[in-house]
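Asker: Before we start, here is the structure in question, set down as structure tokens.
The values are calculated or read from the model by the stated rules, or taken from the named source; none is laboratory data. Not measured: the values here are computed from a predicted model. What goes into the accessible areas is simple: the full protein's heavy atoms, side chains included, and nothing from ligands, DNA or RNA. Shrake-Rupley method; radii C 1.70, N 1.55, O 1.52, S 1.80 Å.
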Amino acid sequence: MNLKAVLLLVGLVVGGLTGYLTRPEAAEIKIGSFSLEVQGDSPAGTRGGSLTTGQMQHIGIFAVIGAVLGLGIGFVADRRSA
């Protein structure tokens, strides 16, 4: 497997895990088409429950950042070895 692809996947997983562990504490109430989301300042605990839209966006942003960093490191490492 290509080094860039491996580091891309590692960055994606590490970024997603970091986003999951640092997601903001939130509660979401949906009544019909009305949706209300309240977020706190501290990271969410391990109480479980479903993830809110804001928490999913937080995890997704961290995963994308991790993937971009992993791919960038893969390019740098590939150029140094060539």
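Asker: From the Cα trace of the chain, what convex hull volume per residue do you get, rounded to a whole Å³? Write out the running numbers ahead of the final one.
Answerer: Numbers: hull volume 9.1 nm³, N = 82.
With only Cα atoms used, the chain gives 110 Å³ per residue.
Asker: Give me the accessible area of Val38, 1.4 Å probe, in Å² rounded to the nearest 10.
Answerer: 90
Asker: If you stretched the chain out fully between Glu25 and Thr53, how much longer would it get, using 0.36 nm times the residue separation minus the C-alpha to C-alpha distance? It would help to have the intermediate numbers written out before the result.
Answerer: Values: separation 28, 0.36 × 28 = 10.08 nm, distance 1.19 nm.
Going from the current span to full extension adds 8.9 nm.
Asker: Suppose all protein chains stay in the model; what accessible area per residue would a 1.4 Å probe give for the chain, in Å²? The partial results should precede the final answer.
Answerer: On the way: 5900 Å² over 82 residues.
Value for the chain: 72 Å² per residue.
Asker: Follow-up question, since we're still on this one. Using helices alone, what [θ] at 222 nm do you get for the chain, with -39,500 (n - 2.57) per DSSP H run of 4 or more residues, divided over all residues and rounded to the nearest 500? Don't skip to the answer; put the middle values down first.
Answerer: Details: 2 runs with 48 residues, N = 82.
-20500 deg cm²/dmol, from helical runs alone.
Asker: Sticking with this one: Compute the long axis of helix 3-21 from its Cα atoms, compare it with the longest principal axis of the Cα atoms of the chain, and write down the angle in degrees, 0 to 90, nearest 10.
Answerer: It works out to around 20 degrees.
Asker: Which angle between 0 and 90 degrees, to the nearest 10, do you get for helix 53-81 versus the longest principal axis of the chain when only C-alpha atoms count?
Answerer: Between helix and principal axis, roughly 10 degrees.
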